[in-house]
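The values are calculated or read from the model by the stated rules, or taken from the named source; none is laboratory data. Not measured: the values here are computed from a predicted model. Virtual Cβ from ideal backbone geometry, glycine too; neighbours counted across all protein chains shown. Please note that ligands, DNA and RNA were not included when accessible areas were found on the heavy atoms of the full protein model with its side chains. Shrake-Rupley method; radii C 1.70, N 1.55, O 1.52, S 1.80 Å.
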Amino acid sequence: MVFSSLIFLFLFLPLTILIYYVSPKVLRNLILFIVSLIFYAWGEPVYIVIMIFSTIFDYANGVLIDKYKDRKGITKAIFINSIIINLGILGFFKYYGFVVDNINTIFNLNIQVETLPLPVGISFYTFQTMSYVIDVYLGKVQAQKNIISFGTYVTMFPQLVAGPIIKYSDIDKQLQERKVTLDRFGEGMELFIRGLALKVLLANNIGLLWTSVKTTSISELTILTAWIGIIAFAFQIYFDFRGYSAMAQGLGKMFGFDFPENFNYPYISKSVTEFWRRWHISLGSWFREYVYIPLGGNRTGLLKQLRNLFVVWFLTGLWHGANWNFIIWGLYFGLFVTLEKLFLLKWLKNRMSFIGHMYTLIIVLIGWVFFEFENLSVAMNFIGTMFGFNQSVFLDNKTLYYLTTNFMLFIVLAICSTPFPKRVFVYIKEKLKLPGAIGIPVFYVVLVVLSTAYLVNDTYNPFLYFRF
């Protein structure tokens, strides 16, 4: 089940809100825990066993580490065992086939492997349970003694499927006591509706264009069509993921939780380093806190710092998928982050901001090619077409058709990738009180109606981060 589905919008969510708010506060964590398990089991009833195991296993690890906190040998053994088991589960379901395929290739073997469907959200909730055990072990948080509260943290459906990745310390107090007011519920609804519109009205529509370009033979692509296509994908994945994150934040507020921001207008960045401070913020924060800093961060000399950066970016790529294209994608960005740290950022600071912005967009767009095409030779051919290396013509009638039919959509996407709409919205809400009081509710009703109409009439409703 995804948020942008009619079943969720008009059945699951209304029933959940009704049951949640008529229940006494002492039962609300239990309600969220149960409905989250139902949400997860809706599409994958078998894999709910893995989630329940992870919940009970790491709950017990936290309690045991707290119990034996004065005996370092025991707590260290519990901690190491927790990390090994968690990574083992993630590795088996996500990377087992990838490892066997590479062994077959390297040693010319023919080991058969059964392809297992990837449990939805396993990368997200595994990172959350691992961060909890790590923080308990390091004494950053107290162990949660209530298994229902801990289960609510692990399984919470608003951010289960695609994040943001929430550290236990972000919401430990909210699990015990959270304030639910009409204003906060209203803010949550607004966030959810905006996210739904971004995903359904923007991401889905521009995704149709990318699908058309992607399925076109490389030999038939023009230079401009290749650029139009990858720009379309860049917008699709951004509004798809940002929309889903906004919906998650909105749902969190509706149930009394404050989830961290996951996107901050990454396409306005003037360097690759800045881009990754604005894109999937919770994942970058997780790797920085639990991998980069423990490895020594930037405190151990330049060579080790560079090593640490490449370890993080290798893992960032690998986290996104069990394929070499994701690893290359991660290392590709790691290379540019490293170059910027060494000298490129200083050079960019002395240039017009426009240069930094264009450089960043080009690097990011090339990166999205590696991200999207699992076949590396296809990816390289696509990039070759973008830069005119495949003897492609600049444009043709199909290119002109894509431009004329999607011109206004591209304008809307570009504007919505900047803080401008938010500033206009805040101005109307705060400065034009009467028009805002009338216009804003109407605006949200229109968004809901349009989004619903799209979902009713169209079967194209993918969620790109579902596979991670």
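The table for this structure:
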{"read-out": "With every protein chain in place, region 331-390: carbon and sulfur % of accessible area (1.4 Å)", "value": "70 percent"}
{"read-out": "Distant alpha-carbon pairs in the chain (separation over 39 angstrom), percent", "value": "26 percent"}
{"read-out": "Distance from region 122-159 to region 344-393 (C-alpha centre basis), Å", "value": "38 Å"}
{"read-out": "Signed unit charges on C-beta, dipole axis of the chain, positive-most listed residue Tyr168, Gly296, Phe382", "value": "Gly296"}
{"read-out": "Local electrostatic count, Tyr238, Cβ distance below 12 Å [Lys/Arg +1, Asp/Glu -1]", "value": "+2"}
{"read-out": "Gained length - Thr452 relative to Ile83, 0.36 nm times residue gap less alpha-carbon distance", "value": "128.6 nm"}
{"read-out": "Accessible surface of region 1-159, 1.4 Å probe, proportion on carbon and sulfur as whole %", "value": "69 percent"}
{"read-out": "Debye log10 I(q)/I(0) for region 348-448, one point scatterer per Cα, at q = 0.21 Å⁻¹", "value": "-1.20"}
{"read-out": "Per residue accessible area of region 175-238, 1.4 Å probe, in Å²", "value": "38 Å²"}
{"read-out": "Apportionment of accessible area to carbon and sulfur, region 209-263, percent (1.4 Å)", "value": "56 percent"}
{"read-out": "Most positive-pole-ward Cα, Phe192, Tyr95, Phe107, against dipole of the chain from beta carbon charges", "value": "Phe192"}
{"read-out": "Gap separating the Cα centres of region 99-115 and region 398-424, nearest whole Å", "value": "45 Å"}
{"read-out": "Dipole-positive endmost among Gly330, Ser269, Met247 within region 217-375 (Cβ charges, Cα centre)", "value": "Ser269"}
{"read-out": "Derived scalar couplings ³J(HN,Hα) [region 62-76; Karplus, 6.51 cos²θ - 1.76 cosθ + 1.60; whole Hz; x for Gly, Pro]", "value": "x, 5, 5, 4, 5, 5, 9, 4, 8, 10, 4, x, 5, 5, 5"}
{"read-out": "Cα-centre dipole for region 64-197 with unit charges at Cβ (Lys and Arg positive, Asp and Glu negative), debye to 20", "value": "520 debye"}
{"read-out": "Accessible area in square angstrom per residue, region 23-151, 1.4 angstrom probe", "value": "52 Å²"}
{"read-out": "Those aspartates and glutamates that a straight Cα-Cα span of less than 13 Å connects to Lys173, excepting residues fewer than 8 apart in one chain", "value": "Asp258"}
{"read-out": "Net dipole in debye of the chain [+1 Lys, Arg Cβ; -1 Asp, Glu Cβ; about Cα centre; nearest 20]", "value": "1520 debye"}
{"read-out": "Approximate spin-label separation Tyr265-Leu315, in nm, with each point projected 7 Å along Cα-to-Cβ", "value": "3.2 nm"}
{"read-out": "CD proxy at 222 nm, helix term only [per DSSP H run n ≥ 4: -39500 (n - 2.57); per residue of the chain; nearest 500]", "value": "-22000 deg cm²/dmol"}
{"read-out": "Surface per residue (accessible, 1.4 Å probe) for region 261-399, Å²", "value": "48 Å²"}
{"read-out": "Val113-Val445 pseudo-label distance in nm [points 7 Å out on the Cα-to-Cβ vector]", "value": "5.5 nm"}
{"read-out": "Length gained when the stretch Arg288-Phe343 is fully extended (0.36 nm per residue, less Cα-Cα span)", "value": "17.7 nm"}
{"read-out": "Inter-site label distance for Arg299 and Phe387 at 7 Å from Cα along Cβ, in nm", "value": "4.0 nm"}
{"read-out": "10 Å binning of all Cα-Cα separations within region 317-363, expressed as whole percents from 0 upward", "value": "25, 42, 24, 9"}
